[in-house]
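Working notes for the structure below.
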Amino acid sequence: MTTATPSLPTHAAEPSLYEDALTRLDAANKIAQVEPETIEQLRRPTHITEVSIPVRMDDGSRQYFTGYRCRHSDVRGPAKGGIRFHPDVSLDEVKSLAFWMSCKCAVVGLPYGGGKGGVIVDPRELSRMELERLSRGYVRGVHAAIGPDTDVPAPDVYTNATVMGWMMDEYSTLAGKRTPAVITGKPIELGGSLGRDDATARGAYYIVKEMERDQGWKPGEITVAVQGFGNAGQHFARLLHDDGYKIVAVSDSRGGIYREAGFDVPSLIKIKNESRRLKAVYCEGSVCEEVDAKQISNEELLELDVDILAPAALEGVITQENMGDIKAKTVVELANGPVASIADPVLFENGVKVIPDILANAGGVTVSYFEWVQNRTGDYWELETVHERLQRRMAREFRAIEAIAKKHKAPMRTAAYAHALKRLASAIEATGTQRYFASGR
Ligand code: NAD
């Protein structure tokens, strides 16, 4: 039986997030010049699992949640990547995030491929017990696809160390043995690494310190806006604030606040973590006073005239609509995929230096790798060791990528992808490509 081919739409459809993500490969390959076979392999995720997770709710009802795990590539080692709990999770998003992880792990030279997982859920609507059941149910669904030598998850948006601990515990029960190396970002007591909590932000912070040295920045004169005030955003703001940088704007999913004189970041963090609200305050001890600040939208925050803009929430916030209005001199992508590919050349031409996600937020996966190594060896490191090794790696890869960017007069993103592509290609080509096999016939 033949089936009719559906007629193609007459107008070009918006590219999916995954298609958009892949366009960066083509741009990077103009520099990296790897074999077409390598690019073809990287276009195709290796393994995808979709599960339906039944959860008994506190009111006695049963609800079903859809979860995914995608292993994009394992040519350089087991896949590695977070698990996101968010209402907007989709397979397209999970695939894109997994692809970025393959590139990110290659950028910082970790012996990992890329993976990612997610569940379509708003965890803020669940009780703690429902969240635990969902986390354990997710692991029961995907356990055949994950493992210390297969695919190693970690936290991402709206998942944290507690969730990782439940997941490790569930996996260990299924495996019949304690398996801490199956997941990273765990509580310290369950085999987590010192320094994992702020590692994502700290990696970006070390890059900012390199730029500070190069450009002779005086921290007190450098203004910073941070979109998203969760793990990545809070720690980034805190680390820069501690060094005297002026954090003039922050936001969360409900909107943002702006203060020309800068915020006292520890006060903002205290209130946010106690009340889940972002409030312009100054605290001394437990006494907090409101300070003058302007309410702004997330859109307005992105368009502020600041020295450093750090998108630290979700993907796709700098797009065709606002790319011409970005006034920040440097964009540090703490979030994954905050800039749509169409905006890359516009930002570059407008002189906006973008430190791409696959480099800027690679501190998280780097310390996750340290955690995995510590779990496997049983040798646990001091915090100073974690910081030193992270700093060295971030500075080294930043320098390497900057050199590629300068040599080819290319954006940092293209240079970072070219750097990753070369490492991915050398692993793929080590097992032989058409060039190798055809030449030996
Ligand atoms: P998180 O859940 O700790 O925080 C997310 C923050 O974003 C919250 O403050 C939330 O209110 C805010 N937010 C949600 N929707 C928003 C919206 N529409 N507009 C503005 N703010 C919004 O998550 P996180 O771990 O900090 O992750 C943030 C980003 O960093 C994600 O893109 C994630 O993939 C990336 N990232 C995180 C890590 C990590 O180790 N946590 C590592 C690498 C990359």
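All of the numbers you see were taken from the coordinates with simple rules; none came from a lab. Nothing here was measured: the structure is a model prediction, and the numbers come from that model. Every residue, glycine among them, receives a Cβ derived from its backbone with ideal geometry; neighbour counts consider all protein chains shown.
Given a cut-off of 31 Å, name the pairs among 30/327; 95/246; 218/279; 186/218; 209/327 whose C-alpha atoms lie farther apart than that in the structure shown. Result: 95/246; 186/218 exceed 31 Å. When +1 charges are put on Lys and Arg Cβ atoms and -1 charges on Asp and Glu Cβ atoms, the dipole computed for the chain relative to its Cα centre reaches about 1400 debye. Peptides 117-127, 409-419, 140-150 ranked from most to least packed by the mean count of surrounding Cβ atoms within 10 Å: 409-419, 117-127, 140-150. Distance between the pseudo-spin-label points of residue 30 and residue 48 (7 Å out from Cα toward the beta carbon): 3.0 nm. When both segment 106-167 and segment 247-296 are represented by their alpha-carbon centers, they are found 30 Å apart. Peptide packing for 323-331, 83-91 was compared via the average number of neighbouring C-beta atoms within 10 Å per residue; ordered from the highest value, the list is 83-91, 323-331. With unit charges on the beta carbons (Lys and Arg positive, Asp and Glu negative) and the dipole taken about the Cα centre of the chain, which residue among 119, 41, 263 sits farthest to the positive side? So the residue furthest toward the plus end is 41. A straight chain from residue 173 to residue 57 at 0.36 nm per residue would run longer than the Cα-Cα distance by 39.5 nm.
Here r is the Cβ-Cβ distance between residue 188 and residue 149 and R0 is 22 Å; the resulting FRET efficiency, rounded to 0.05, is 0.40. For the chain, the mean residue ellipticity at 222 nm estimated from helices alone is -14000 deg cm²/dmol, where every DSSP H run of n ≥ 4 contributes -39500 (n - 2.57) and the total is divided by all residues, rounded to the nearest 500. A cysteine counts as unpartnered when no other cysteine's C-beta lies under 4.7 Å of its own; in the chain this applies to 70, 103, 105. Maximal additional length on extending the residue 299-residue 127 stretch stands at 58.8 nm, based on 0.36 nm per residue less the C-alpha distance. Using every pair of distinct Cα positions in segment 58-210, the Kirkwood expression returns a hydrodynamic radius of 15.8 angstrom. Each residue of the chain gets 193 Å³ once the volume of the Cα convex hull is shared out per residue.
Length gained on full extension, residue 66 to residue 162, computed as 0.36 nm times the residue gap minus the Cα-Cα distance: 32.5 nm. Take each peptide in 239-248, 93-102, 275-284, count the other Cβ atoms within 10 Å of every residue, and average; sorted highest first, the result is 93-102, 239-248, 275-284.
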